[in-house]
1. I want the antiparallel fraction of DSSP beta bridges within region B:5-268, as a percent rounded to 5.
2. With +1 on the Cβ of every Lys and Arg and -1 on the Cβ of every Asp and Glu, and nothing else charged, how large is the dipole of chain A about its Cα centre, in debye rounded to the nearest 20?
3. Along the positive direction of the dipole of region B:5-268 (beta-carbon charges: Lys, Arg +1; Asp, Glu -1; about the Cα centre), which of B:149, B:6, B:77 reaches farthest?
4. Give the angle, between 0 and 90 degrees and rounded to the nearest 10, that separates the Cα long axis of helix B:387-403 from the longest principal axis of the Cα atoms of chain B.
5. Using 1/(1 + (r/R0)^6) with R0 = 35 angstrom and r between the beta carbons of residue A:27 and residue A:246, what's the FRET efficiency to the nearest 0.05?
6. What does the extension gain come out to for residue B:42 and residue B:371, with contour length at 0.36 nm per residue minus their alpha carbon separation?
7. Looking at chain A as a GNM with Cα springs under 10 Å, which of A:221, A:113, A:68 has the largest mean-square fluctuation?
8. Calculate, for residue B:62 and residue B:6, the FRET efficiency according to 1/(1 + (r/R0)^6) with r their C-beta to C-beta distance and R0 22 Å; round to the nearest 0.05.
Amino acid sequence: MSTLEVKNLHVTIEGKKILKGVNLVMHTGEIHAIMGPNGTGKSTLSETIMGNPAYKVTQGEIFLDGKDILKMPVDERARAGLFLAMQYPAEIPGITNAEFIRGAINARRPQDDQLPIRQFLKDLDQAMEVLDMTEEMAERHLNEGFSGGEKKRNEILQLMMIKPKFAILDEIDSGLDIDALKVVSRGVNQMRGPEFGSLIITHYQRLLNYIVPDVVHVMMDGRIVKQGGPELAKKLEDEGYAGLRDELGLDIKLVDEDA
Amino acid sequence: MTIDLQKYPAIAAYAAQTNEPAWFSELRVKALQAAADLELPTFGKIRYQRWPVQIKRPLAYQASDPQLLSDVKLQSAKHIIIQLGQTTVRQQGLTELAAQGVIVCDWQTALKEHPELIKKYFMQKAIKYDQDLLTAQHVAGVTSGLLVYVPKNTVLNEPITSYFIQDATQKQDCVHHVILLADENSEVSYLENLTTIGDQPTTASIVVEVIAKAGSHVKFASVDRLGAKTTTYLNRRGHLDDDAKIDWSMGMMNDGNIVGDFDSDLIGSGSHAEVKVIAISTGRQVQGIDTRVTNYGKHTIGHILQHGVILSRSSLIFNGIGHIIKGAKGANAQQESRILMLSKKAKGDANPVLLIDDNDVQAGHAASIGRVNAEQLYYLMSRGLPQKIAERLVIRGFLGPVLEVIPSDSIREQLRDTIERKLVNGQRDE
């Protein structure tokens, strides 16, 4: 079992304080969801765990199996077992999707034990089938000209192929219709098991009908303000973030709230 | 005019050793005499004048040992000629070409067996021997080269491949000349590989004249990998008659300082030049590339597409010049030059120039210099790829638009491999 631990994390971006002391512990075998209103730091948390150089940690620590990863560059963190399914995946015209995924898998393996191409193609076919992806998507340049929905599927395809210890899914549901949402959820659910943990970031409860979390965290104003089981997500759907804020007696202005 | 060769002992000695025809030795002397009054040419923002780019060592015959090539990886090809310094090492698949009237031979053979072609075309049409100091020194010093002649209406399906390996194990300058003459309505694909063996500091003067007669189509591709200690003047010139077309695809993967002068003269109406250049500069080298297309004829088309990458403390200059001469009605001149910087210490310069002397034309240009897209790099690295591999992928994507339009699969592959190698080596000095 692996453990990802975030301790008192403070993060600024372009001088602005976004995270103000986040604490979170998760283990493989668990699915966690982070919900919260817009502009509350959910994406900042996921980018910081992954190691996006644009985000500056001013205080706190992140441990993967007891090892401080904050000093590690993003590629090392990835090879250590972290994965981030991004909200806006970059388009890379220099490499085909299949070639890229194979490269990413082999970057984790020793030089003398690279994944045989046949095995790779077999795994790739299977994963693409789960995600209802057509074969030609493997041969297209990485994300280039992909629709929003295709990009999201492609993130999950990479997740299924790379098989990280922990996957952070940053608003994987945004821009997906209900059918695509089911497909993407099917992919994530297939990953479930004792060797895999996931942190799912979402605004809406809807995704959590398909990927049922073990733990739900609610984030507001750069902190986690409440934790609970899947029922917490349903409660939020009914009462909204403002209701929870008022219940907790927090003095926070929500970005999308009318003045 | 008779010239007393005794006043030029180096030329006389060389002529005696190589059995050079007198008319050519006299041409050398004429060029040498002209050189006294000529100056170095200027190429926009390329400041190369202080480099050791002039041929100063006296003309000399030097044989090279073919054994030097035992470790050099050469692609195999159906029609191939391999030259090492002044020595022709191997020729394959040329006799079957000869059966079709196609000539492929080295410079010494061309002087002896095809003097009428050399007299008519050598520094006559595409470039003049007394154009400037560099062309005059070139004519005075030429010691190796190639003549390719494709007769009228002859279509060659297989490319002609030439390797020229500069021998820098010896302290000798390298002066190499290529004439590629495509007669009316012929079609030929030619692949040139320039490379260096040895690491003596040397100067190279390489001039390529492509003469495309009416209705001919020449696909010219090059993979240029001259050595780090070689300072090079490389002039490639196209001269196009009516409805002729030249597709230039040049990969500038040299390791030393080089000034490249790539010009196409669209003389005949309806003639068309596509110039594609990929350049990668590494270490501390400077590659200055001056690409010009001049539209003389009506309805001529000149397109320039140059993409380059700069690493370490290197420099790359792309001048793109589209010149439409008065009277070239319906002419089209388009150009795009882009440079990707991988290092803050590298210098890039992309200079578009359009000179338009007629009204009834189309012309356009684009130029940019930018850094590697941080989001692309982050994305690739977030999947576990180390930074250097991620950078190479971003570069591949950047060079893609030029690579993909190169009209030959095998050349594309070869260029891709060469790019990869040059980048891997270049990243080591980062």
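1. Bridges in region B:5-268 that DSSP calls antiparallel: roughly 15 percent.
2. Here chain A has a charge dipole of around 720 debye.
3. Going by the charge dipole, the pick is B:6.
4. So the inclination is approximately 60 degrees.
5. 0.60
6. Full-extension gain reported as 115.6 nm.
7. A:113
8. For residue B:62 and residue B:6, the calculated efficiency is 0.45.
Every number in this text was worked out from the coordinates using simple rules, so none of it is lab data. Note that the structure is a prediction, hence the values are computed from the model and not measured. Don't worry about glycine lacking a Cβ; one is built from the backbone with ideal geometry, like all the others, and counts go over all protein chains shown.
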